[in-house]
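Enquirer: The following block contains the structure, expressed as C-alpha cells.
The values are calculated or read from the model by the stated rules, or taken from the named source; none is laboratory data. All values derive from a computational prediction rather than experimental measurement. Virtual Cβ from ideal backbone geometry, glycine too; neighbours counted across all protein chains shown. Ligands, DNA and RNA are stripped out before the accessible areas are found, and what is left, the full protein with its side chains, is counted by its heavy atoms. Shrake-Rupley method; radii C 1.70, N 1.55, O 1.52, S 1.80 Å.
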Amino acid sequence: MTWFNVATTSDLVDNSGVCVLVNGQQIALFSLTITGQNQLFAIDNFDPIGQANVLARGITGSIGDRLVVASPLYKQHFDLHNGQCIEMPEISVGVYPVQRQEQTIWIQLKSSQPRAETKMEAMV
Amino acid sequence: MTASQHILVVGNGMVGHHFVEQLRATAPTATITVLCGEPQLAYDRVYLSSVFTGKDRAELALTSEQHYREQGIKYHLNCWVSRIEPQSKTVFTANGENYHYDKLVLATGSYPFVPPIPGHQQEHCLVYRKLDDLTAIAHSAQDSQTGVIIGGGLLGLEAANALRQLGLTTHVVEFAPQLMAVQLDVAGGQLLTQKITALGLGVHTGKTTQAIVAGDECRYRLEFSDGSFLETDLVVFSAGIRPYDALAKDAGLAIGAKGGIIINDYCQTSQQDIYAIGECALWQNQLFGLVAPGYQMARVAASHLTGQALRFQGADMSTRLKLLGVEVGSIGDAHARTPGAQCLTYQDPIRQIYKKLVLNDSGDKLLGAVLVGDTAEYDTLLQYFLNALPLPAAPESLILPQLNANTPTLSADLLPDHAMLCSCHNVTKGDIVASIEQGHVELASIKRCTKASTGCGGCAALLKSVVDTELTLRGVAVNNHLCEHFAYSRQALLHLVQVEQLTTFEQLLQRYGQGQGCDVCKPTVASILASVWNEYILDNKHVALQDTNDTFLANMQKDGSYSVVPRIAGGEISSAKLLVLAQVADDFQLYCKITGGQRIDLFGARLEQLPLIWRRLVDAGFETGHAYGKSLRTVKSCVGSTWCRYGVQDSVGQAISIESRYKGLRSPHKIKMAVSGCTRECAEAQSKDIGVIATENGWNLYVCGNGGMRPRHADLFATDLDTPTLIRYIDRILMFYIRTADRLQRTSVWLEKLEGGLDYLRQVIIDDSLGLAAELEKQMAGLVNSYACEWQRTLDDPEALKRFRHFVNSPEGDSNILFVQERGQIRPATLEEKQQQQRIPVTMIESEEITHDMV
Ligand code: SRM
Ligand SMILES: Cc1cc2nc3c(=O)[nH]c(=O)nc-3n(C[C@H](O)[C@H](O)[C@H](O)COP(=O)(O)OP(=O)(O)OC[C@H]3O[C@@H](n4cnc5c(N)ncnc54)[C@H](O)[C@@H]3O)c2cc1C
Ligand code: SF4
Ligand code: FES
C-alpha cells in the first residue's frame, strides 16, 4: 500500500468532486462540508453502469444517512463510504483511503509494482 | 406429481414458456422436457412488429438457452412433433426421435389461416406469425413497392403497419364491410377506416378476393368478386388463425366442432394425462387468441400438476391497442348483443373520436364499450365492466370530453380486492394491498415485489392511483415534496427564496431542509435562485448545485465527452459564421449535426477542449445556446415575409428579437418557442411552449404546446396582437409559469394542472385578475437586463476555467474517450471497438507520462 500525493486543497471544489490520475488510475475526489466539518472521499471515477469516467462530475448529497454521489449519466447513486450503488446494490465502485496534510491531499492505493520514477512518498 | 415424473411440453411459444416457468417455480425438481418447433426458444410474439421499427430480434427473447440449462429444463429446438401415442405415452417427432412422458402438455398455439384462393401458393404470398415470417416478409419487400394485407382484423392491421415500416405502399383488403369487425361496431370501424386512410393506406372493405393472377404494373393482381381489382407485389394473409390441433385429433383427443382441443377447468383434455393450454385449447366452446388468458391456463395447468386446485374460469377479451398510431379500445359486449342492451355514443368528427358505452337494460351497469381515437378512459371503463361496479348517475359523463372538473372519477377505493389491475402479471388490487401491508410504501418496490406494471405498462396509471389511495388510507402522506431533503413543493421554495431574500442553497437547507441535499433538490434550487436573482451560475456558491451540463456549459454524451451548441437565434446564420463553425469543427475534429431546433451541434469535445473551442466561438461573435440548461432553448422561425411569397410578417426578425429577449432565462423545465410568418405554419409554432403566428393584423399567440414524449397542441391565447402587447403577454406568462410550476413540469402539463385552465390564465395575464401583471413584467425586465453570456463570463474567469480539466493533477485527457470514423466523421467507439483499440499499448505510454506530472 502506498500513499500518493494527488492534489492540493486549492484544486478541490467545495461540496463537489474533481478527478485525479493516480498510477494510471482515474479517481474521483470529493470534498464535502458537513456541519462545518470538511470530509474527503476518494472513489473510482469510472461509472460501471454508464461505462464512462464521469463520477467526479456528479452531484453529491445524502440519501437517508448515506453520503452519496449521483452519476451524471443515468443518476444512480453511489455511497461515498463504501462505493455501493444504492439502486443496484450488487454493483460497487472502489473506495480509497484519503487524507489531508496541510495543503496536500494524499490517496492510498495498492500499487503492486510502484515505478521507480514515480515520486511517491510513504506517509507514516 | 412426483419428482421422477416426466413432464413433456410440446411447443415453446409464449404460453408454453410461461407454463415451464410456473411449473419450475412450484416444482423445483420436476423433470421437464420441452420440444420446440421453432429454431429458437420462446420470444415475445406480441411485439413481433417492433422489429420493423428497429428493435433487435434478440430483444424479443423471453428466455435463453443458458437460463433453461441453469433451471435444469431439457429442450430440443427445431423439434416438430408428428404423432402422439396416448396408450404408450410416447410422442414421435418428425426427425425420428421419440419421447416418453408421464404428463403431456400441448401448447402448440395456432397457425395463420390462408384462404384457398387460386394463386395463394405463389412466391411473395406470405403469412405473419413467427420470426421466420418476418425474415421472409422483409426479404420479399426488398424487391416490392406495393403490399397488400388480406384481412382487416387486429393482426392484419398490425401486419399493415409492418409493411408500412418497410416503406411499401400498403393496402388492407377486408371481406367484411368494416375493419376489426370482432372488436368494433360499424361506426367505430368506419372511423378507424377514415383514420387509416388518412395515413396513406388503402382500405378496401367488402372485397372478396377470388384469384391472385399476374399483374400489369405490379407482380400480382388481386381479382375481387365484384369485378374490381388491385395490383400488388407482395401479399400477406392475415385472415384469421386456426388452432394447431391436428396432433391431438389424430391421437383421438376430443376436438371442438370448429377446431380446438377441448379442455376442462383444469386444462385437461379428454385424456387426463394430457393438458392443452394457450391458443390451441378450447374451453366452453371458446378459443382465446390473446396472451393473458393463455398465461392463466399455464398457471392453472402448472397448479393442477402440483396438486393445487386453481381453475380456469374464462377470460376477458377486452383489448386496447395503438395501431398505426391510432388508439382503439374494445371492452366486453362491443356489439350490444346482450338482450335489452342500450347504447350511449359520443362522436366528434373534428377531432375524429368515437366512443360508445353499452349499458344493461336498467342503465346502471357497463356491458361493453368501443373507443376509437382516444382511449384515455379505457382503464376506468374496464374496471366498471370487470367488477360490475354501479355506474355514476350520468354515465355519459364517463366519455364526454372534460369541459369542466365535474367528470366523475373512479375512486380506487371503490374497487373490490379481486379487481384485476395488471392483466399481464395477474396482479389484483388485493395483491397490491397485501404488499403494502408487508411494508412496501413506494411504487417502485411495490412494482418489484408484485411485478405489477412491469409487462405492457398499460396499467401504470391505475396502479399509481390504487397505491396512492391505499397509502393515504393508511395515513402515509402522498405529497408533492421536492425530495427527502425539503418537505416543500418547488413553488413553495420559490416563495421562500423570494420572501426571505435567500441567495444560497445552504441558507435554504439550513432553514427549511434536512440532510445534505441531492441531485434533485440542488439543481432545482439552483434554477430557482437563477430565476429569482440571475447570478452567474458558476459562482462559487452555486457551482456544486448544478447538473454536470450546467457546470460545464455543455451537454454530456454517453461516453463522458460533450457537445457544443452555440446560439443561432431564429435559425439565421451568415456564411461567415458557418465558416467559423466549420473551421472549429475541423480543427477539433468534432462531429457535426443539424439539430431539430434549427441549429448546429458539434459533438465529441473533451472536457479540457471546451474552453479552447468556446474561446474561438465567442471571439467570432457566438454566444452560448443553453442547450444544457432548463431554460430557453430555441425560437424557431420560418423564412417569413422577407422572402416567402405568402409571408405576412417578418417572422425571422420577430424570432430573433424574442430569442434575444429570453435567452438565458432559467425555468422549471426547458422552454421552446417558434414564430411562423403566416398561417401555413412552417415553423411548427403550435407545438411549442410559446408559439407566434403572423396574421394580416399582427400576431396570434399560442401557449403551452409540446412535442416530445406526449405531444400537445398549443392553445390559442390571444389574436392580432401588436408586438409590444405580444411581448408583454409572453413576459407575464413565462414569469407566472416560473413562479408556479413544479420541478421539471413543461408548460403543457402546467396548464393542464392549473385550476381553471386557459380561461384562468387569460384572466391573470390579460385581465390582471391577481394584480400581478406589473410585478411579473418588472421581474422579467430585471432578468432580461442582467443577462450575460455564461461562456463569455467563464472564459474571463481563471477560477472557473480551472474546472475544465479532466484531471486536476495532469494535463492528460480521458483515455476511455475513443472515436472511430463513420460516414466521414467521428462517432464514439463501441465497447468492443474500445477493447480492440486499447490492446494497442496506448495506456502504457500514458501512464509513463503521468508519473512525471505527479505531485
Ligand atoms: C440535439 C437534439 C437532437 C438533434 O440532434 O436534433 C436534442 C437532444 C437532446 N434532447 Fe431533445 N434534442 C433536440 C431537439 C428536440 C426537439 C425538437 C425541437 O426543439 O423543436 C424536441 C421536441 C419538442 C419539445 O421539446 O417539445 C425534443 C424533445 C426532448 C425531450 C422531451 C421533452 C418533453 O417535454 O417530452 C427530452 C427529454 C427531457 O427534456 O426531459 C429531450 C432531451 C434531449 C437530451 C437533453 C437528452 C439527454 O439528456 O442527453 C439530448 C441532449 C442534447 C445534447 O447532448 O446536445 N428532448 N428535443 C435537438 C437539439 C435542439 C437544439 O438546437 O437545442
Ligand atoms: C403479430 C402479432 C401480434 C399480436 N399482438 C397481441 C396483443 O397485442 N395482445 C395479445 O394478447 N396477443 C397478441 N397476439 C397473440 C399472442 O401472440 C398469442 O396469443 C400467444 O402467442 C399465444 O401463445 P401460445 O403459446 O398459445 O402459441 P404460440 O406463441 O403460437 O406458440 C406455439 C408454439 O408451438 C409450436 N408448435 C406448434 N405445433 C408444434 C408441434 N407439433 N411440435 C412442436 N412445436 C409446435 C409453434 O411453432 C410455436 O412456436 C399477437 C400475435 C401476433 C402474431
Ligand atoms: S430523441 Fe432526443 S433524446 Fe432521444 S436519442 Fe434523439 S436526441 Fe437523444
Ligand atoms: S397490464 Fe401489462 S403491465 Fe400491467
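Enquirer: Any residue at all in the range B:322-332 that's closer than 30 Å to residue B:28 by Cα and within 14 Å of ligand 2 (Cβ to nearest atom)? Even if it seems obvious, please write down each step before you answer.
Expert: Step one: list which residues in the range B:322-332 are closer than 30 Å to residue B:28 by Cα, which gives none.
Scanning the range B:322-332, I find no residue that is closer than 30 Å to residue B:28 by Cα and within 14 Å of ligand 2 (Cβ to nearest atom), so the answer is no.
Enquirer: Within the range B:789-837, work out how many residues are among the aliphatic types (A, V, I, L, M), at pLDDT 90 or above and within 38 Å of the chain's Cα centre (by Cα).
Expert: 5
Enquirer: Next up: Look through B:170, B:146, B:197, B:205 and report the one residue that is within 30 Å of the chain's Cα centre (by Cα), open to solvent by 30 Å² or more (accessible area, probe 1.4 Å) and at pLDDT 90 or above.
Expert: Numbers: B:170 fails: open to solvent by 30 Å² or more (accessible area, probe 1.4 Å); B:146 fails: open to solvent by 30 Å² or more (accessible area, probe 1.4 Å); B:205 fails: within 30 Å of the chain's Cα centre (by Cα).
Just one listed residue meets the conditions, B:197.
Enquirer: Just the residues that are open to solvent by less than 20 Å² (accessible area, probe 1.4 Å) and in a loop (DSSP other than H, G, I, E, B), please, taken from the range B:415-435.
Expert: If the condition is that a residue be open to solvent by less than 20 Å² (accessible area, probe 1.4 Å) and in a loop (DSSP other than H, G, I, E, B), then B:415, B:419 are the ones that fit.
Enquirer: Out of the range B:543-557, which residues are in contact with a helix residue (DSSP H, G or I) (Cβ under 9 Å, 6 or more places away or on another chain) and either within 8 Å of chain A (Cβ to nearest Cβ) or assigned to a loop (DSSP other than H, G, I, E, B) (or both)?
Expert: Residues of the range B:543-557 that are in contact with a helix residue (DSSP H, G or I) (Cβ under 9 Å, 6 or more places away or on another chain), as a first pass: B:543-548, B:550-556.
Of everything in the range B:543-557, those that are in contact with a helix residue (DSSP H, G or I) (Cβ under 9 Å, 6 or more places away or on another chain) and either within 8 Å of chain A (Cβ to nearest Cβ) or assigned to a loop (DSSP other than H, G, I, E, B) (or both) turn out to be B:543, B:544, B:545, B:546, B:547, B:548, B:551, B:552, B:553, B:554, B:556.
Enquirer: Quick check, is residue B:126 away from ligand 4 (no atom under 16 Å from the Cβ), among the aliphatic types (A, V, I, L, M) and touching a helix residue (DSSP H, G or I) at 6+ places or on another chain (Cβ under 6 Å)?
Expert: Numbers: away from ligand 4 (no atom under 16 Å from the Cβ): yes; among the aliphatic types (A, V, I, L, M): yes; touching a helix residue (DSSP H, G or I) at 6+ places or on another chain (Cβ under 6 Å): yes.
Against the criterion (away from ligand 4 (no atom under 16 Å from the Cβ), among the aliphatic types (A, V, I, L, M) and touching a helix residue (DSSP H, G or I) at 6+ places or on another chain (Cβ under 6 Å)), residue B:126 qualifies.
Enquirer: What are the pairs, 6+ residues apart or on separate chains, where a residue within the range B:819-835 that is within 13 Å of chain A (Cβ to nearest Cβ) has its Cβ under 8 Å from a residue that is assigned to a helix (DSSP H, G or I)?
Expert: Qualifying pairs under 8 Å: B:829/B:837.
Enquirer: I've got another one for you. Evaluate the following for residue B:467: is it open to solvent by less than 10 Å² (accessible area, probe 1.4 Å), within 14 Å of chain A (Cβ to nearest Cβ) and not hydroxyl-bearing (Ser, Thr, Tyr)? Explain how you work it out, then say what you get.
Expert: Details: open to solvent by less than 10 Å² (accessible area, probe 1.4 Å): yes; within 14 Å of chain A (Cβ to nearest Cβ): no; not hydroxyl-bearing (Ser, Thr, Tyr): yes.
Answer is no for this residue.
Enquirer: Right, another one. Just give me the residues in the range B:553-576 being basic (Lys, Arg) and either near ligand 1 (Cβ under 8 Å from one of its atoms) or open to solvent by 30 Å² or more (accessible area, probe 1.4 Å) (or both), in sequence order. Spell out how you get there, then give the answer.
Expert: So in the range B:553-576, the residues basic (Lys, Arg) come out as B:558, B:567.
Matches in the range B:553-576: B:558 only.
Enquirer: In this structure, is residue B:261 crowded, with 22+ Cβ neighbours inside 10 Å and assigned by TED's automatic domain parsing to the domain that holds residue B:147? So that I can check it myself, show each step before the final result.
Expert: Working: crowded, with 22+ Cβ neighbours inside 10 Å: yes; assigned by TED's automatic domain parsing to the domain that holds residue B:147: no.
Taking the combined requirement at face value, the residue does not satisfy it.
Enquirer: Considering each of B:730, B:656 in turn, give the residue that is at pLDDT 95 or above, within 22 Å of residue B:779 (Cα to Cα), open to solvent by less than 20 Å² (accessible area, probe 1.4 Å) and more than 13 Å from ligand 1 (Cβ to nearest atom).
Expert: Numbers: B:656 fails: open to solvent by less than 20 Å² (accessible area, probe 1.4 Å).
When all the criteria are applied, what remains is B:730.
Enquirer: Only one of B:183, B:178, B:194 is not assigned by TED's automatic domain parsing to the domain that holds residue B:44 and not in a loop (DSSP other than H, G, I, E, B). Can you tell me which? Break it down stepwise before answering.
Expert: Numbers: B:183 fails: not in a loop (DSSP other than H, G, I, E, B); B:178 fails: not in a loop (DSSP other than H, G, I, E, B).
Exactly one of B:183, B:178, B:194 is not assigned by TED's automatic domain parsing to the domain that holds residue B:44 and not in a loop (DSSP other than H, G, I, E, B), namely B:194.
Enquirer: Give the residue, chosen from A:39, A:76, that is closer than 23 Å to residue A:21 by Cβ and within 11 Å of another protein chain (Cβ to nearest Cβ). Even if it seems obvious, please write down each step before you answer.
Expert: Working: A:76 fails: closer than 23 Å to residue A:21 by Cβ.
None of the other options fit; the residue is A:39.
Enquirer: Of all residues being more than 7 Å from every other protein chain (Cβ to nearest Cβ) and more than 14 Å from residue A:70 (Cα to Cα) in the range A:7-22, which is surrounded by the most Cβ atoms within 10 Å (Cβ to Cβ)? Just the residue, please. It would help to see each step written out before you state the result.
Expert: Of all residues in the range A:7-22, those more than 7 Å from every other protein chain (Cβ to nearest Cβ) come to A:8-10, A:12, A:17, A:22.
Retained after the next criterion (residues that are more than 14 Å from residue A:70 (Cα to Cα)): A:8-10, A:12, A:22.
Numbers: A:8: 15, A:9: 13, A:10: 9, A:12: 19, A:22: 26.
Filtering first and then ranking leaves A:22.
Enquirer: When the range B:114-134 is examined, which residues are found to be within 17 Å of residue B:167 (Cβ to Cβ) and surrounded by fewer than 18 Cβ atoms within 10 Å (Cβ to Cβ)?
Expert: none
Enquirer: Let me ask something additional. Give the number of residues within the range A:60-71 that are free of Cβ contacts under 8 Å to residues at least 24 places away in the same chain and facing another protein chain (nearest Cβ under 7 Å).
Expert: We begin by selecting, within the range A:60-71, every residue free of Cβ contacts under 8 Å to residues at least 24 places away in the same chain; these are A:61-66, A:68, A:70.
Applying the additional criterion that residues be facing another protein chain (nearest Cβ under 7 Å) yields A:61-63, A:70.
Going through the range A:60-71 one residue at a time, the tally reaches 4.
Enquirer: Looking only at the range B:581-599, filter to residues that are over 24 Å from residue B:817 (Cβ atoms) and open to solvent by 40 Å² or more (accessible area, probe 1.4 Å); which one of those is farthest from ligand 4 (Cβ to nearest atom)?
Expert: Selected residue: B:598.
Enquirer: Among (1) more than 26 Å from residue B:823 (Cα to Cα); (2) touching a His at 6+ places or on another chain (Cβ under 8 Å), which single condition is residue B:606 missing?
Expert: Single failed check for residue B:606: (1).
Enquirer: Go through (1) open to solvent by 10 Å² or more (accessible area, probe 1.4 Å); (2) outside any loop (DSSP other than H, G, I, E, B) and name the single condition residue B:602 misses.
Expert: Among (1) open to solvent by 10 Å² or more (accessible area, probe 1.4 Å); (2) outside any loop (DSSP other than H, G, I, E, B), the lone unmet condition for residue B:602 is (1).
Enquirer: If you don't mind, there's one more thing I want to ask. When the residues of the range B:507-527 are filtered to those that are touching a residue at least 24 places away in the same chain (Cβ under 8 Å) and of a type in the set (S, T, N, Q), which remaining residue is farthest from residue A:74 (Cα to Cα)?
Expert: B:514
Enquirer: Here's another thing I want to ask about it. Return yes or no: is residue B:256 outside the structural domain of residue B:162 (by TED's automatic domain parsing), more than 16 Å from ligand 4 (Cβ to nearest atom), over 37 Å from the mean Cα position of the chain (by Cα) and not aromatic (Phe, Trp, Tyr)? Please lay out each step first, then the result.
Expert: Numbers: outside the structural domain of residue B:162 (by TED's automatic domain parsing): yes; more than 16 Å from ligand 4 (Cβ to nearest atom): yes; over 37 Å from the mean Cα position of the chain (by Cα): yes; not aromatic (Phe, Trp, Tyr): yes.
It is true that residue B:256 is outside the structural domain of residue B:162 (by TED's automatic domain parsing), more than 16 Å from ligand 4 (Cβ to nearest atom), over 37 Å from the mean Cα position of the chain (by Cα) and not aromatic (Phe, Trp, Tyr).
Enquirer: For the range B:794-808, check the following and say yes or no: at least one residue is in a loop (DSSP other than H, G, I, E, B) and over 20 Å from residue A:20 (Cα atoms). Quick ask: steps written out before the conclusion?
Expert: Quick first cut of the range B:794-808, residues in a loop (DSSP other than H, G, I, E, B) only: B:796-797, B:802-806, B:808.
With the extra rule that they be over 20 Å from residue A:20 (Cα atoms), the set shrinks to B:796-797.
Checked the range B:794-808: at least one residue is in a loop (DSSP other than H, G, I, E, B) and over 20 Å from residue A:20 (Cα atoms).
Enquirer: Quick one: which strands (runs of 3 or more DSSP E) sit completely within the range A:1-105 and have at least 2 residues that are under 24 Å from residue B:542 (Cβ atoms)? Break it down into steps so the answer makes sense when it comes.
Expert: On the way: elements: A:2-8, A:16-22, A:25-34, A:37-44, A:59-63, A:66-70, A:77-79, A:98-101.
So the answer is A:2-8, A:16-22, A:25-34, A:37-44, A:59-63, A:66-70, A:77-79.
Enquirer: Evaluate the following for residue B:216: is it open to solvent by 20 Å² or more (accessible area, probe 1.4 Å) and either at positive phi or among the charged types (D, E, K, R) (or both)?
Expert: On the way: open to solvent by 20 Å² or more (accessible area, probe 1.4 Å): yes; either at positive phi or among the charged types (D, E, K, R) (or both): yes.
Spelling it out, residue B:216 is indeed open to solvent by 20 Å² or more (accessible area, probe 1.4 Å) and either at positive phi or among the charged types (D, E, K, R) (or both).
Enquirer: Among the residues of the range B:490-501, is any basic (Lys, Arg) and open to solvent by 30 Å² or more (accessible area, probe 1.4 Å)? Can you show your working first?
Expert: Going through the range B:490-501, the residues basic (Lys, Arg) turn out to be B:490.
Within this subset, residues satisfying the condition of being open to solvent by 30 Å² or more (accessible area, probe 1.4 Å) are none.
The answer is no; no qualifying residue exists.
Enquirer: May I pose another question? Could you give every pair whose Cβ atoms fall below 8 Å, whose first residue belongs to the range B:446-475 and is away from ligand 1 (no atom under 16 Å from the Cβ), and whose second residue is at pLDDT 80 or above and acidic (Asp, Glu), counting only separations of at least 6 or pairs across chains?
Expert: Pairs found: B:450/B:431; B:452/B:431; B:458/B:379; B:459/B:379; B:461/B:379; B:462/B:379.
Enquirer: Oh, and also: Is it true that residue A:4 is more than 10 Å from every other protein chain (Cβ to nearest Cβ) and buried (at least 23 other Cβ atoms within 10 Å of the Cβ)?
Expert: Working: more than 10 Å from every other protein chain (Cβ to nearest Cβ): no; buried (at least 23 other Cβ atoms within 10 Å of the Cβ): yes.
So residue A:4 does not fit the description; no.
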